[in-house]
Amino acid sequence: MYIIVFILSIIVFVYGDPGKAPLVQLNDGHTMPSIALGTWLGNSSTPPHGRIAPVGYNTEQAVMWALEAGYRHIDTAWSNHVEDQVGRAVKTVVDAYNLLHEVTTTPMICDAACYLKRFKKKIERSGSSMVLPVSRNELFITTKLWNDAHARSAVVPALRASLAQLQLSYVDLYLMHWPLGQFANGSYDSTHYLETWRGMMDAQARNLTRSIGVCNFNQVMLENIRVHKLRQPAVLQIEWNINLQQPGLLAYCRQHNITVMGYTPFGALMDKRRADSPTRIDDPLLTKMAAKYGKKVQQILLRYAVEMGVIPVPKSITSTRIFENIDIFDFKLEEADKWILRNFGRGFRSVPQLEWSDHPFYPFENMQEYPPTTTTASTTTASTTSTTVTTQASTPSTQQVISEVDINDTSARMNFRDIKI
Ligand SMILES: NC(=O)c1ccc[n+]([C@@H]2O[C@H](COP(=O)([O-])OP(=O)(O)OC[C@H]3O[C@@H](n4cnc5c(N)ncnc54)[C@H](OP(=O)(O)O)[C@@H]3O)[C@@H](O)[C@H]2O)c1
């Protein structure tokens with residue numbers, strides 16, 4: 001054991017440990033790993049299904065497993081109530097790295113036995129044989145501003161509060177969680193998201209975050225930031241999965257060099273409570289495709305996101321799943337298979353947050369009018385109940401596919417209420 005720790009210390013010190021996922025370049029010059037571990041506990045497969053309490057060590061342990069599996073990007077949020085757990089896990093691996101750094105540079109200070117002693121409890125709790133040392137520079141930590149801090153002057157204090165929970169002096173990415181504000185009692189705060197965005201820019205200017213971005217913005221809102229000549233968001237985080245592919249919004253982000261992160265990458269495909277999901281995880285086309293690549297359907301879905309230029313944010317607190325979700329960088333999908341997957345797009349949103357639909361800055365489509373029913377055609381996919389697909393999935397390469405009308409294409413969007421200031 002001592003020999004392993006010693007050898008590892010040399011390797012980590014000399015080479016660093018960049019993890020398993022390739023890095024993508026952001027528009028502000030920073031880089032970001034191309035998969036992140038999600039940490040919202042609202043979506044759990046453990047009975048009772050649904051929200052589980054953000055207490056104990058479930059997330060801390062999940063983060064430790066993720067780092068061991070090769071993730072370097074952790075996605076969290078103030079409203080997830082687990083920033084403290086993420087912070088504890090990060091502190092453990094960074095402390096281990098710093099200690100090994102000391103060992104390597106000044107061998108008299110601490111040896112392998114000292115390392116093991118220092119991290120004994122964490123090692124026992126993580127169930128591994130040792131704590132993986134990772135430098136802070138190799139990590140990419142994302143957190144989010146909650147809706148109750150949308151006044152420009154409230155943004156920096158909110159980020160400082162998150163940093164205190166995370167035990168960090170900066171995060172790599174700070175995201176505005178929603179374009180809409182709320183007061184602590186839940187009533188609506190009509191502060192314009194451009195004002196909040198100015199607060200995000202203040203936070204970046206104070207070096208409290210390296211990059212800034214937004215979540216759940218539609219194209220009009222992004223364009224509003226651009227026409228006001230404010231700093232372009234480095235990242236847009238949106239729900240993205242095969243049920244909700246949003247081609248128009250992706251094209252807009254590509255055009256303006258905004259990196260897209262996709263949350264809820266499995267959509268409602270596995271959720272037994274969502275019988276309305278247009279596609280299920282056991283769809284024959286998906287299972288056949290997974291068998292062809294020797295992967296699980298979940299891995300096909302995550303790989304498809306990566307190939308569509310979307311950084312997936314799968315959440316799991318189960319060690320085997322955490323490992324398999326990052327095991328997607330050793331194969332490539334064939335074009336014909338990507339066409340099949342594109343055909344599953346239905347504009348079906350798993351997280352519509354309808355309770356906020358009367359807020360002036362509610363970003364999504366009017367659900368009464370969704371999914372769109374204007375195009376008629378048939379499809380042979382086993383999964384569909386919709387009428388929007390115009391081709392048969394079995395002949396994807398020869399026909400033009402209109403798999404999903406995108407609400408962010410202004411022509412397709414109705415009843416959107418946006419206020420210019
Ligand atoms: N910006 C936003 O507004 C926003 C909104 C929602 C979510 N998010 C972020 O996106 C993350 C992911 O979204 P999500 O949690 O809604 O959904 P998700 O990642 O699509 O699905 C999570 C569910 O899938 C299960 N799972 C994960 N990997 C699996 C695998 N390989 N095989 C079988 N089951 C698997 C998990 O179970 P176990 O955990 O029990 O293993 C859990 O029940 C969140 O954690 C959060 O970080 C952001």
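The values are calculated or read from the model by the stated rules, or taken from the named source; none is laboratory data. Remember, it's a predicted structure, so these values are computed and weren't measured experimentally. Here Cβ is always computed from backbone atoms with ideal geometry, including for glycine, and neighbour counts include all displayed protein chains.
Points worth noting:
- Which numbered condition Asn343 misses (of (1) more than 16 Å from the ligand (Cβ to nearest atom); (2) over 16 Å from Gly267 (Cα atoms); (3) at pLDDT 95 or above): (2)
- Selection of first residues in the range 128-140 that are within 15 Å of Leu168 (Cα to Cα) and among the aromatic types (Phe, Trp, Tyr) and of second residues that are assigned to a loop (DSSP other than H, G, I, E, B) and modelled with pLDDT of 95 or more, restricted to Cβ pairs under 7 Å at least 6 apart or on distinct chains, gives the following pairs, ordered by first then second residue: Phe140/Arg72.
- Neighbours by Cβ (under 8 Å, 6+ apart or cross-chain): first from the range 233-257, acidic (Asp, Glu); second modelled with pLDDT of 95 or more and outside any loop (DSSP other than H, G, I, E, B): Glu239/Gly262; Glu239/Tyr263
- Subset of the range 277-322 that is touching a residue at least 60 places away in the same chain (Cβ under 8 Å) and among the charged types (D, E, K, R) - its residue that is farthest from Leu341 (Cα to Cα): Lys315
- Among the residues of the range 38-55, some residue qualifies, meaning at least one is at pLDDT 95 or above and either within 12 Å of the ligand (Cβ to nearest atom) or in contact with a Pro (Cβ under 6 Å, 6 or more places away or on another chain) (or both).
- In a residue-by-residue description of the range 357-370, the property of being more than 23 Å from Thr39 (Cβ to Cβ), modelled with pLDDT of 95 or more and assigned to a helix (DSSP H, G or I) applies to no position.
- Sole exception among (1) modelled with pLDDT of 95 or more; (2) under 25 Å from Glu307 (Cβ atoms); (3) within 15 Å of the ligand (Cβ to nearest atom) for His30, by number: (3)
- Against the list (1) touching a helix residue (DSSP H, G or I) at 6+ places or on another chain (Cβ under 6 Å); (2) modelled with pLDDT under 75; (3) surrounded by fewer than 19 Cβ atoms within 10 Å (Cβ to Cβ), the condition Asp84 fails is (2).
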